[in-house]
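Here is the structure we will look at.
The values are calculated or read from the model by the stated rules, or taken from the named source; none is laboratory data. Just so you know, these numbers come straight off a predicted model, no measurement behind them. Glycine gets a Cβ as well: all are built from the backbone with ideal geometry, and neighbour counts include every protein chain shown. With ligands, DNA and RNA removed, areas are computed over all heavy atoms of the protein, side chains included. Shrake-Rupley method; radii C 1.70, N 1.55, O 1.52, S 1.80 Å.
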Amino acid sequence: LLRLLCHCGHKIVLSAYTNSAVDHLCLKLVQFPDVRAKFVRVGSILSINSKLAPYSLDMSNKQRFDTVSSIDQYIKQKNIFAVTSTSASSHSIFTSKCNIFDYCIIDEAGQLTEPQVLGPLKKCRKFVLVGDNNQLPPLVRCREAERKGMNISLFEKLANKYGESAVQSLTIQYRMNEDILRLSNALIYNGKMKCASQQVAQQKLVLKKNMQTISMSLQPNEKWLAHALNPEHNVIVLDTDKLYENRSCSADDGDKKKGNNNINEYEAEMIERMVYKMFDCGVYSSQIGIMAPYRSQLKLIKNKLDKLNVPFSPSSQILSQRDHEDDDDGEKVRKVQSSLLLDTIDRFQGSDRDVIIMSFTHTPFDKKVGKILHDWRRINVALTRAKCKLILIASVKALKHSNSNILGKIVEVAQKQKWIYQINDC
């Protein structure tokens with residue numbers, strides 16, 4: 001749609017809620033020579049993917065923009081203006097009375113509140129909202145605002161009001177292979193979603209080492225790593241229940257090791273070892289996404305991965321205080337060139353990776369699972385970000401006893417498909 005509108009000479013605003021979602025769309029655009037020179041990524045150079053730096057409107061670059069007129073001339077040559085919904089409400093390109101756009105296309109529109117959508121829409125003659133009501137609605141912290149309907153997106157309102165006359169349902173997807181799609185179809189979409197092609201359906205993670213070489217390099221207590229990395233295993237549930245039993249953990253010992261309900265040392269250690277082995281097998285950091293429901297768990301994982309000098313995505317909000325300091329140019333460069341995406345489930349919406357590792361964080365000792373994991377739409381986002389391999393690290397007992405329909409169904413489908421692998425030691 002963007003390429004067609006661009007060829008017709010239209011001016012288009014392309015927007016989404018997060019920088020990672022906007023970057024995800026832009027990285028697809030740069031693959032097409034016919035539009036590569038026609039779009040500009042608007043936003044802070046420190047907040048966007050480093051691969052998009054040549055396409056950014058970095059006004060501090062004196063070599064490109066030495067005068068105001070040079071900036072105006074650059075903008076006039078562009079057809080597609082990619083920007084987050086927040087920046088669209090404040091950036092001078094979109095607040096100027098002179099600039100009127102023909103179309104606005106907003107991705108993941110169901111995640112935006114109505115005021116957030118109106119920012120990019122206000123300067124456009126027509127708009128297209130793209131989204132999924134089976135994924136996350138707008139996040140509204142104020143209970144009074146939520147009670148009055150702030151958590152209902154414009155996307156949902158228009159879909160409910162106009163139905164088939166204005167809504168086109170899309171059932172072909174280009175991201176997930178057939179096993180990952182099988183899981184989301186069983187849980188959410190009632191089998192309606194289809195892979196766009198055999199190439200999409202059969203895609204697998206490519207390793208530069210064969211499985212025999214990988215297996216021979218592992219210690220006896222690391223055999224689970226071979227199972228997790230095996231390209232033939234597209235969906236894996238690494239069940240940690242036996243791990244706790246074999247270490248003779250009482251509830252108190254488990255909590256001591258685990259810290260509290262929001263962190264899990266064992267799962268963080270497993271992620272560190274998987275990422276290290278993936279790097280050893282030729283998987284790039286830009287292919288990997290790691291998510292967890294709690295920020296405290298993400299910070300723990302980041303501390304583990306820091307030992308591997310893993311570069312992180314600039315869209316990630318799980319950064320240490322040092323990462324926010326501008327004390328030297330080296331730190332700035334490190335952030336710009338980062339690539340592995342480590343973030344909450346919510347902030348993953350709109351992006352994808354070849355490999356997604358999900359830490360559920362809870363142990364069999366937990367009497368209940370956090371409310372955040374009971375939201376079926378949030379779980380749907382988590383399960384639909386991977387293209388080739390989805391690795392879920394969880395206590396199966398915790399998921400079963402969670403009183404959550406969606407978590408219980410994950411276990412049910414995984415058992416039926418023989419996707420569960422019990423870890424006895426790590």
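Quick notes
- Residues located in the stretch 134-173, provided they are in contact (Cβ under 8 Å) with a residue 12 or more places away in the chain and not in a loop (DSSP other than H, G, I, E, B): L154, F155, E156, K157, L158, A159, I172, Q173
- V128 satisfies every condition listed in (1) in contact with a Cys (Cβ under 8 Å, 6 or more places away or on another chain); (2) hydrophobic (A, V, I, L, M, F, W, C); (3) part of a helix (DSSP H, G or I) except (3).
- When Y74 is tested against (1) within 30 Å of L154 (Cα to Cα); (2) modelled with pLDDT of 85 or more; (3) surrounded by fewer than 17 Cβ atoms within 10 Å (Cβ to Cβ); (4) among the hydroxyl-bearing types (S, T, Y), just one condition goes unmet, and that condition is (1).
- The stretch 360-387, residues that are under 14 Å from the mean Cα position of the chain (by Cα) and open to solvent by less than 20 Å² (accessible area, probe 1.4 Å): I379, N380, V381, A382, L383, T384, R385, A386
- Filter result (part of a helix (DSSP H, G or I) and either open to solvent by less than 10 Å² (accessible area, probe 1.4 Å) or aliphatic (A, V, I, L, M) (or both)) within the stretch 24-49: L25, C26, L27, L29, V35
- Residues of the stretch 70-92 that are part of a helix (DSSP H, G or I) and out of contact with any Gly (no Cβ under 9 Å at 6 or more places or on another chain): S70, I71, D72, Q73, Y74, I75, K76, S92.
- For Y103, the stated conditions do not hold, so it cannot be described as farther than 23 Å from W376 by Cβ and either in a helix (DSSP H, G or I) or within 25 Å of the chain's Cα centre (by Cα) (or both).
- Considering residues of the stretch 182-228 that are within 26 Å of Q422 (Cβ to Cβ) and of a type in the set (G, A, S) only, the residue most open to solvent (accessible area, probe 1.4 Å): S217
- Those residues of the stretch 8-23 which are open to solvent by 10 Å² or more (accessible area, probe 1.4 Å) and under 21 Å from Q168 (Cβ atoms), in sequence order: C8, H10
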